[in-house]
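Below: the structure, in structure tokens.
The values are calculated or read from the model by the stated rules, or taken from the named source; none is laboratory data. As the structure is a prediction and not an experimental result, all values here were calculated from the model. So basically every Cβ, Gly included, is an ideal-geometry build from the backbone, and we count neighbours across all protein chains shown.
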Amino acid sequence: MINLAKERKYVIQQAKDKVFSMCENLKKEKVTDKQLLYLINMVIIPRIEYHTQLTFLSKQDLSDMIEIVHNATTGGFNTAQTIYGLSGNSAVLF
């Protein structure tokens, strides 16, 4: 997906908005760490992949999206705050 001006910023912002809206919806629910990990890997990441099919994401773009999820999980969800400590780094989720 690209906009009419063929700018990648539009696509990246759209993907970030999707991640943010899904995190906001999940804040209302009680989820376990395993459920959250499943949702990230099977719902959020495929949606990002779909929206960014024609756009290459930089490492910084991915870090920004991971940060949105990380801030939501440590601050708002009813989960253990060590979900990103399972693997040693957060890059494994993507």
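Within the stretch 8-50, can you find the residues that are surrounded by 15 or more Cβ atoms within 10 Å (Cβ to Cβ), closer than 14 Å to residue 62 by Cβ and not basic (Lys, Arg)?
11, 12, 15, 19, 40, 44, 45, 48, listed by residue number.
For a quick check of your reading of the model, give me the residue pairs whose first member lies in the stretch 54-68 and is within 17 Å of residue 41 (Cβ to Cβ), whose second is modelled with pLDDT under 85 and among the polar types (S, T, N, Q), with beta-carbon atoms closer than 7 Å and at least 6 apart or on different chains.
66/90
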